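Okay, so here's the structure we're looking at.
The values are calculated or read from the model by the stated rules, or taken from the named source; none is laboratory data. Because the structure is a prediction, the values reported are computed rather than measured. Here the Cβ positions follow ideal geometry from the backbone for every residue, glycine too, while neighbour counts run over all protein chains shown. We work out accessible area using only protein heavy atoms, side chains counted, and drop any ligands, DNA or RNA first. Shrake-Rupley method; radii C 1.70, N 1.55, O 1.52, S 1.80 Å.
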Amino acid sequence: MFLTIDNLDGSGVRDYTATLDAGAAPRIERRLNRPSALRLSLVADTPSFIVPLNGGRIILSRSDGIKIFTGYLAQAPVHEYLGWGERGPVYRYAIVAHGDEFVLDRKRLPSRALFINRSAGSILEQLADDLLPGAFDTSAVQDGVALDSYSASPSRPWSAHAAELGLLARAVWRAHDGALSFQPVGAVTHAIAESSVGFTPDGLRLFAAGPALNDVTVVGRVEPRAWVKDYFLGDGLTLRFQLSHTPFTRRNAGIFEDEYKSGALDPLLWNVTDPASAFSVAGGKLNVEGGTGVDGATRLESVQPVELGGALLLQHGEATFAAATDAVLGGLYSGAVSIANCLAGFRITPSAGQSQIQALINGVATGPTITTAAGHGYSLTTRLYATQPFRTQSLFHSSSHPAGSGLGGSSIPANVRVVLEVHDVDPASPGSQAAPSTILLDAIVSTVPAFVTYAPVDALSAHCQLSYTRLARAVSTEIRSVIPAQSFRTRLVGAVAEGAECIVLQSNELLFHSQYVPVANEEIVVRYRGRGRAQARVTDPASIAALASGADDGVRAAALRVLDPPPRAAADCENAALAVLGDATQVSWSGEYQVWSDILPGFTTDDVLPGDAVTVDVPTQAASFSAIVREVDVEAADFVNDRCRYRIAFANDAAAPLALALEDSALRDLPEDPLTVSTAGTTFIADLPDAEITTITSTTVTIDAGVAAPPGGGFEVRRSDFGWGPENDRNLVGRFTTQSFTVTRVTRVVGFFVRQFDNSSPPRYSRYSTALHVDYPL
């Protein structure tokens, strides 16, 4: 073997093989999805010895040229005086080196927007390129699973993000010899078989335990629950209206923002296609001057797509127009950037030396137009209210559901209400700041894609400036009202200076700004989702029965909080519980094998690495199982003959889950009625998101369920959201088999909860209720 160190001092690579401490063999420590380390000692007994420098490049290789460690000195060597030798004083230097990931970990990641709909491998590669562009060969980085979103916090080192991506994708990463790799665990298999030549029985230790769990309650994040509709009636005076539930709102309120202050477009935010050199940044403005006249040829689009889930607020800047402009501003596209693919945006067209602003929906300009005036600013805002807050399920893996066959990950269909507004600000008229915005479009777009491309500018021939671009999550409340004999309209939520009419307070109050007080008999409908803790309990009856004996009922139970991947809804908790049970109902196996490198059965010419698979077949210990290597310690004990002593620690997922980060849950209110591994995912029928109140009188309320009753089933209405089922009539209002039905109202404030049920035995119900809350004078 050979040890070389390049101190990066301009003197080149030095051979330190002859200075290795004969009494302490070099030791390589490898851990699954963690940085590797090399520990060794050098003995210096000549004045010509060059002390290795902190940060120096170190390589330990076999005589055949195979490099078994490459990395960098992580700290200055610690020296120890050993005495006086024949050639002078003798020192021992303790060396600690980290793998190639060291050069990435010592840098700070840039602040960047969420990764949206990107594969885990692509994110890993991008983060490495952000820190050291082109420094690593990434040809061995596989994509892995697609993640709907991922936040790369600058406060964490690159290797911590790599470890998290490995967990989410059930994959293993490695930084070695200037190359990055990322691949599913178990891609390489080694065999430990009692029948193999060279098997070392005294080097093998195995540990087995019975099934750990067969009754699992998984607790996730706060989830969207009831589909709430609150009904209020204006009286010309009241500004505050109390919501019946706490609205669910997604995390990460600010997705990205650019005020164009840096003098150049930020490559972490924007992709620029600009053959006409139309884009420039100066004075805190994005200047767009020119274009090729070809749709989509000159465009500015965000690096990351936009997930159409929950409530989104897109502010495309205060635009000013220096001359007639032909462009699309603030476009959301269901494919390549082109007018035909534009789901929603603002179509700007020339008009007698000025420009016209019109709504663009599904590739067609529609509705009223606004003609621009010289010197005016036009704040262009898109509000999106999706019927689903998340557009994909969380994805979970286990040994029986590896990468490519995970549980969940399905797309969630949704409709989106699109509101396009323009706020005209005249610098010569301060009152225009508080003037109401003009609504160009207020419409439902059906079955929209989960992810779309966002392009603030598609310039055909543009002469305009944008002062900012913002994308944020809003409070997920859709507020609409109707004055008698008129049509419903969406009330804009936000600040008065932005042309909005109301806000939702943290006290669960809807507050209208004073100049927009609802008039007498104005009907107000507030739509949102309630919130609660996501959870699910799943059992494995076959495992319970197999373990039952005497006084032992066979139940092995636990309540667990899944930290990663995050279960964001009860359906996710079911999948997470299935992933846990898929491993925890098996026999738990772990162990380690200590053996010399040249007699390891199945040993490849490369190496044994964490993340490799191990098949163990040792009949004398009743052991026949597969596991994943978790740790590898390599001791170069026979340096001259290229022989290493390996300690290989391995475990199956029953002993240590590979793709789930778990902790015990202290939540008190756990579900009592469990699902089973065979019924999970099939227990509930569809919710009633479109159920609504159609008529309110002083004594009755008429409800339209939004769909026809299931054959042999119907709609169950209760005064509170519990007790669902045919055996409980305590808080029951009634059961109905028609789509529209009338119930009695006896108080000013009254609430009804509705679910549908089918003709199964016992009947299956909706997972979540529709809550219809009325606050009308009698």
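Here Val733 fulfils each of the conditions (1) part of a loop (DSSP other than H, G, I, E, B); (2) under 23 Å from Ser244 (Cα atoms) apart from (1). Please find, within the range 39-60, the residue that is nearest to the chain's Cα centre (by Cα) out of those that are β-branched (Val, Ile, Thr) and surrounded by fewer than 21 Cβ atoms within 10 Å (Cβ to Cβ). Once the filter is applied, the top-ranked residue is Ile59.
Report whether or not Ala403 is in contact with a strand residue (DSSP E or B) (Cβ under 6 Å, 6 or more places away or on another chain), in a loop (DSSP other than H, G, I, E, B) and open to solvent by less than 10 Å² (accessible area, probe 1.4 Å). It is false that Ala403 is in contact with a strand residue (DSSP E or B) (Cβ under 6 Å, 6 or more places away or on another chain), in a loop (DSSP other than H, G, I, E, B) and open to solvent by less than 10 Å² (accessible area, probe 1.4 Å). Beta carbons closer than 8 Å, at least 6 apart along the sequence or on distinct chains, pair a first residue in the range 96-123 that is of a type in the set (Val, Ile, Thr) with a second that is surrounded by 20 or more Cβ atoms within 10 Å (Cβ to Cβ) and not in a strand (DSSP E or B) for Ile116/Gln304; Ile123/Ala152; Ile123/His161; Ile123/Leu165.
Quick check on Arg299: is it at negative phi and either open to solvent by 10 Å² or more (accessible area, probe 1.4 Å) or of a type in the set (S, T, N, Q) (or both)? Quick ask: steps written out before the conclusion?
Working: at negative phi: yes; either open to solvent by 10 Å² or more (accessible area, probe 1.4 Å) or of a type in the set (S, T, N, Q) (or both): yes.
Yes, satisfied.
Among residues of the range 406-421 being assigned to a strand (DSSP E or B) and surrounded by fewer than 21 Cβ atoms within 10 Å (Cβ to Cβ), the one that is farthest from the chain's Cα centre (by Cα) is Arg417. With respect to the stated conditions, Ala680 fails to be of a type outside the set (Lys, Arg) and either in contact with a Phe, Trp or Tyr (Cβ under 8 Å, 6 or more places away or on another chain) or outside any loop (DSSP other than H, G, I, E, B) (or both).
For every residue, the table says whether it meets (1) among the aromatic types (Phe, Trp, Tyr); (2) in contact with a strand residue (DSSP E or B) (Cβ under 7 Å, 6 or more places away or on another chain); (3) open to solvent by less than 20 Å² (accessible area, probe 1.4 Å).
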{"position": "Thr585", "(1), (2), (3)": "no, no, no"}
{"position": "Trp589", "(1), (2), (3)": "yes, yes, no"}
{"position": "Val595", "(1), (2), (3)": "no, yes, yes"}
{"position": "Ile599", "(1), (2), (3)": "no, no, no"}
{"position": "Leu609", "(1), (2), (3)": "no, yes, no"}
{"position": "Ser624", "(1), (2), (3)": "no, yes, no"}
{"position": "Ala637", "(1), (2), (3)": "no, yes, no"}
{"position": "Ala651", "(1), (2), (3)": "no, yes, yes"}
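I want to confirm something. Restricting to the range 672-699 and keeping residues that are aliphatic (A, V, I, L, M) and closer than 23 Å to Arg417 by Cα, which single residue is most open to solvent (accessible area, probe 1.4 Å)? Spell out the reasoning first.
Within the range 672-699, the subset aliphatic (A, V, I, L, M) is 675, 677, 680, 685-686, 688, 691, 693, 696.
Narrowing the set further to residues that are closer than 23 Å to Arg417 by Cα leaves 686, 688, 691, 693.
Numbers: Ala686: 64, Leu688: 4, Ala691: 0, Ile693: 16 Å².
Ranking the candidates gives Ala686 first.
Exactly one residue out of Val482, Val475, Val425 is at pLDDT 95 or above and either in contact with a strand residue (DSSP E or B) (Cβ under 8 Å, 6 or more places away or on another chain) or over 21 Å from Ser149 (Cβ atoms) (or both): that is Val482. Restricting the range 23-38 to residues that are among the small types (Gly, Ala, Ser) and modelled with pLDDT of 95 or more leaves a set whose member that is nearest to the chain's Cα centre (by Cα) is Ser36.
Just one of the listed residues (Leu82, Leu8, Leu20) is among the hydrophobic types (A, V, I, L, M, F, W, C) and at positive phi, and it is Leu8.
Residues checked against (1) polar (S, T, N, Q); (2) surrounded by fewer than 20 Cβ atoms within 10 Å (Cβ to Cβ):
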residue: Ser280; (1), (2): yes, yes
residue: Gly283; (1), (2): no, yes
residue: Leu286; (1), (2): no, no
residue: Gln304; (1), (2): yes, no
residue: Ala319; (1), (2): no, no
residue: Ala322; (1), (2): no, yes
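Could you run through the range 324-349 and say how many residues are of a type in the set (A, V, I, L, M, F, W, C), part of a strand (DSSP E or B) and open to solvent by 30 Å² or more (accessible area, probe 1.4 Å)? Break it down into steps so the answer makes sense when it comes.
Of the range 324-349, the ones of a type in the set (A, V, I, L, M, F, W, C) are 324, 327-329, 332, 336-337, 339-340, 342-344, 346, 348.
Subset that is part of a strand (DSSP E or B): 327-329, 332, 342-344, 346, 348.
Filter once more, so that each one left must be open to solvent by 30 Å² or more (accessible area, probe 1.4 Å): none.
So the count comes out to 0.
Between Pro275, Pro247, the distinction of being part of a loop (DSSP other than H, G, I, E, B) and loosely packed, with under 15 Cβ neighbours inside 10 Å belongs to Pro275 only. Cβ-Cβ contacts under 9 Å between residues 6 or more apart (or on different chains), taken from a first residue in the range 400-412 that is under 10 Å from Asn575 (Cβ atoms) to a second residue that is among the basic types (Lys, Arg), are listed as His401/Arg170; Gly406/Arg170.
The combined condition, being under 27 Å from Ser61 (Cα atoms) and in contact with a strand residue (DSSP E or B) (Cβ under 6 Å, 6 or more places away or on another chain), is fulfilled by Gly99.
Taking (1) surrounded by fewer than 16 Cβ atoms within 10 Å (Cβ to Cβ); (2) more than 26 Å from Ile116 (Cβ to Cβ); (3) within 35 Å of the chain's Cα centre (by Cα) in turn, Gly499 satisfies each apart from (1). Checking each residue in the range 175-213 for being aliphatic (A, V, I, L, M), under 35 Å from the mean Cα position of the chain (by Cα) and either open to solvent by less than 40 Å² (accessible area, probe 1.4 Å) or on the phi > 0 side of the Ramachandran plot (or both) picks out Ala175, Ala179, Leu180, Val185, Leu213. In the range 437-477, the residue that is farthest from Ala414 (Cα to Cα) out of those that are of a type in the set (S, T, N, Q) and buried (at least 23 other Cβ atoms within 10 Å of the Cβ) is Thr469.
So which strands (runs of 3 or more DSSP E) are wholly in the range 61-116 and hold at least 3 residues that are open to solvent by 30 Å² or more (accessible area, probe 1.4 Å) and either within 18 Å of Ala25 (Cβ to Cβ) or of a type in the set (Phe, Trp, Tyr) (or both)? Outline the logic, then answer.
Numbers: elements: 67-73, 78-85, 88-99.
Qualifying strands (runs of 3 or more DSSP E): 78-85, 88-99.
Looking at the range 700-721, which of its residues are part of a strand (DSSP E or B) and either open to solvent by less than 10 Å² (accessible area, probe 1.4 Å) or touching a Gly at 6+ places or on another chain (Cβ under 8 Å) (or both)? Step through it out loud before you land on a result.
Narrowing the range 700-721 to residues part of a strand (DSSP E or B): 700-704, 714-718.
Within the range 700-721, Val701, Ile703, Gly714, Phe715, Glu716, Val717, Arg718 qualify.
Does Glu574 satisfy the condition of being surrounded by fewer than 19 Cβ atoms within 10 Å (Cβ to Cβ), on the phi < 0 side of the Ramachandran plot and of a type in the set (D, E, K, R)? No: the conditions fail for Glu574. From the list Arg225, Arg250, Arg240, the lone residue that is in contact with a helix residue (DSSP H, G or I) (Cβ under 9 Å, 6 or more places away or on another chain), within 30 Å of Thr477 (Cβ to Cβ), touching a residue at least 60 places away in the same chain (Cβ under 8 Å) and not β-branched (Val, Ile, Thr) is Arg225.
Tally the residues that are of a type in the set (Gly, Ala, Ser), open to solvent by less than 40 Å² (accessible area, probe 1.4 Å) and part of a loop (DSSP other than H, G, I, E, B), restricting the search to the range 1-38. It would help to see each step written out before you state the result.
The initial filter retains those residues of the range 1-38 that are of a type in the set (Gly, Ala, Ser), namely 10-12, 18, 22-25, 36-37.
From what is left, the residues that are open to solvent by less than 40 Å² (accessible area, probe 1.4 Å) are 12, 24-25, 36-37.
Narrowing the set further to residues that are part of a loop (DSSP other than H, G, I, E, B) leaves 12, 24-25, 36.
Selection size over the range 1-38: 4.
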